[in-house]
Each structure stands twice: as structure tokens, then as C-alpha cells.
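> Before anything else, here's the structure in question.
The values are calculated or read from the model by the stated rules, or taken from the named source; none is laboratory data. Bear in mind the structure is a predicted one, so any value in this text is a computation, not a measurement. Positions of Cβ are backbone-derived with ideal geometry, glycine not excepted, and every protein chain shown enters the neighbour counts. Heavy atoms of the whole protein, side chains included, go into the accessibility calculation; ligands, DNA and RNA do not. Shrake-Rupley method; radii C 1.70, N 1.55, O 1.52, S 1.80 Å.
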Amino acid sequence: MTDSTAAAAPPKHDRFISYIHTLCQDNRTRAELGRGLGLPVERCNYMHRYLVPWLHQHDDVSYPDTRRAYYSVASLIAARPRTARQTAPTDPSATVWYLRPNLGATLGEAVTRDVMKAGTAESALHLMSRQSSDAVHRTLPSLTRQLLSEGIAVDWAVLLKDLSWWTQNRDVVATRWLDQYFRRSIPTGTPDTTTTLPEENER
């Protein structure tokens, strides 16, 4: 059974990601959206003109984490490195929502492709699992840039929904990230390297 935050596929999240990709085709707009990188909504004055009308029509952003998630993901997309911007975004909406890769799966892929050390990726996930929403938002710019620079795609719609639920359901979201990370980063059939202590053998 999947948890409620992962099971249903909300089309509005995919529509928002498509909307931001379209906006970013204009250099000035992309620059203005990128100014909000890692910042709280209250300091994202240049983003309001683009996001407020869309959010007013498509989502209830009375909950602060929800609005922060939209602003954060929009700025992350706008701040993508040039190589990532040159790659046409794929449409993952045909994939069942809970099977789409979250941040944990993305870091797991980075490990299997030798883009990131396993210890570094796992430490990042464990650290974020203990952090507040604000701290996670500050961590994401450098982390996603590293991934994108090496050709590792991020499912922005999944990240958007996870961030929207962070304060209310941090443990659930973090558990799903770690679950997908270990599924992706450890190959099937990897031998168990757990060492049995001598005193356990004598019992």
C-alpha cells in the first residue's frame, strides 16, 4: 500500500512545471524567476507577477509550505545550468505517480552512474530528513545543480508535491526518499556484507 501523499497523481503539478518551462524560454523571465533561488516567498518580489496569477487559478496556497514549494521549484528550474536547459524536458505524466522518481531515487541514480559518492548522497538524505522546510529549500539549489550538471534529471513535479507536504509529513516523505534511494543505489543481488561478531557465533 502506498501513502496518500504518493498515490494520487495531481495533474496541476505537471501543468505548473510545463508552465515554468515555457516561461524560461524567455531569458529575462528566466533570470527573474532565478532570483528567488533558496529564498523565502517574502523575498521573491520578482517572481510574484508570474506565479500569483497561475496559483490563484490552479491551487490553494494558503498553507505557507505549499506556496514556498511552488516558488522554490520554479526558481530551481530557472537556475538550471546551460547544459540542462538545452535538453528538452520529458513528459513523465504517463507514468503512475507513485512510480515516478523522487529525490531519493534521483540520488540513487547519481550513485549508480558514479556522479556522486554513496556516502555523500546518503548523508545528504539523512541530513534533510532531520531539517526544517526552510533548511531543505536552502540545500536544494547546490544539490540539484550538481545532479543536473552531470545529466541526472529531476522530476520537478514529484519534488514540488513532496516539498508541499514537508512540514506536515516530513517523516513520511523522507522515508520514501530513503526507500527509493536504497532501491536504486544498491544493485539486486549485492551480497550481505554484515559482519557477524564472534560472541554471537558462540551463543
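> Determine the pairs where a residue that is of a type in the set (V, I, T) and modelled with pLDDT of 95 or more, located within region 25-40, has a partner that is assigned to a loop (DSSP other than H, G, I, E, B) and open to solvent by 40 Å² or more (accessible area, probe 1.4 Å) with Cβ atoms under 8 Å apart, the partner being 6 or more residues away or on another chain.
Close Cβ pairs satisfying both conditions: none exist.
> Here's something else I'd like to know. If the requirement is being open to solvent by less than 20 Å² (accessible area, probe 1.4 Å), without any contact (Cβ under 8 Å) to a residue 40 or more places away in the chain and part of a helix (DSSP H, G or I), which of these qualifies: L147, L143? Explain how you work it out, then say what you get.
Values: L147 fails: without any contact (Cβ under 8 Å) to a residue 40 or more places away in the chain.
Residue meeting the stated conditions: L143.
> Still on this model: Please tell me if L103 is touching an Asp or Glu at 6+ places or on another chain (Cβ under 9 Å) and under 19 Å from A153 (Cβ atoms).
yes
> Just give me the residues in region 77-107 being at pLDDT below 80 and exposed (fewer than 12 other Cβ atoms within 10 Å of the Cβ), in sequence order.
Q86, T87, A88, T90, D91, A94
> Restricting attention to region 168-176, does a residue exist that is part of a loop (DSSP other than H, G, I, E, B) and either open to solvent by less than 90 Å² (accessible area, probe 1.4 Å) or at pLDDT 95 or above (or both)?
Taking every residue of region 168-176 in turn, none turns out to be part of a loop (DSSP other than H, G, I, E, B) and either open to solvent by less than 90 Å² (accessible area, probe 1.4 Å) or at pLDDT 95 or above (or both).
Yes or no, residue by residue, for (1) within 20 Å of the chain's Cα centre (by Cα); (2) surrounded by fewer than 18 Cβ atoms within 10 Å (Cβ to Cβ); (3) not in a helix (DSSP H, G or I):
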residue: Y46; (1), (2), (3): no, yes, yes
residue: H56; (1), (2), (3): no, yes, no
residue: T66; (1), (2), (3): yes, no, no
residue: A69; (1), (2), (3): yes, no, no
residue: A74; (1), (2), (3): yes, no, no
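> Scan A74, A78, A124 and give me the residue that is out of contact with any Gly (no Cβ under 6 Å at 6 or more places or on another chain), more than 14 Å from K161 (Cα to Cα) and small (G, A, S).
A124
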